[in-house]
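Enquirer: Dropping a structure here in structure tokens format, bear with me for questions.
Computed from the coordinates by the stated procedures, all read-outs in this text should not be read as laboratory data. The model shown is predicted, which means the values in this text are computed figures rather than measured ones. Cβ coordinates were reconstructed from backbone atoms using ideal geometry, including for glycine residues, and neighbour counts include every protein chain displayed.
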Amino acid sequence: MVASIRSESPIWQNQVDAARWTWVLPLLATSLSLLWILVQRYYRAGLSKFPGPALAAVSGFYKTYVEVFQQGCFVHKLEELHAKYGKIMLRSQSLFLAAH
């Protein structure tokens, strides 16, 4: 009898549906906050004016990205980046490199 009352009750069904979607709002808020921080770091800090990878402008983890996810040597990657972007380039949020 209890099962038949629950299955017919629209209030109970709405509570189940709401419980399934409770993760959406925190995930959306976190994603928008992260996006806002990245845009602020790139444009408002003035780093978009300097040549270099965009990931290096917004995060200090560019070296880790190259060595772990691309399975490469960062020193060799720097040579490629200097060939692509010129003598002075952005390596991380606060570090610029100048080639000889």
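Enquirer: Could you list which residues have their amide H under 5 Å from that of residue 88, counting only those 5 or more apart in sequence or on another chain, with H placed in the peptide plane?
Expert: For residue 88, whose amide H was placed from the backbone, the distant partners under 5 Å are 99.
Enquirer: Give the whole-number value, in cubic angstrom per residue, of the convex hull volume spanned by the C-alpha atoms of the range 48-89. Walk me through the numbers on the way to the answer.
Expert: Values: hull volume 2.7 nm³, N = 42.
So the per-residue Cα hull volume is 65 Å³.
Enquirer: Hey, can you rank 76-87, 27-38, 58-69 by average C-beta count inside 10 Å, highest first?
Expert: Details: 76-87: 13.6, 27-38: 10.5, 58-69: 15.1.
Put in order of decreasing packing, that is 58-69, 76-87, 27-38.
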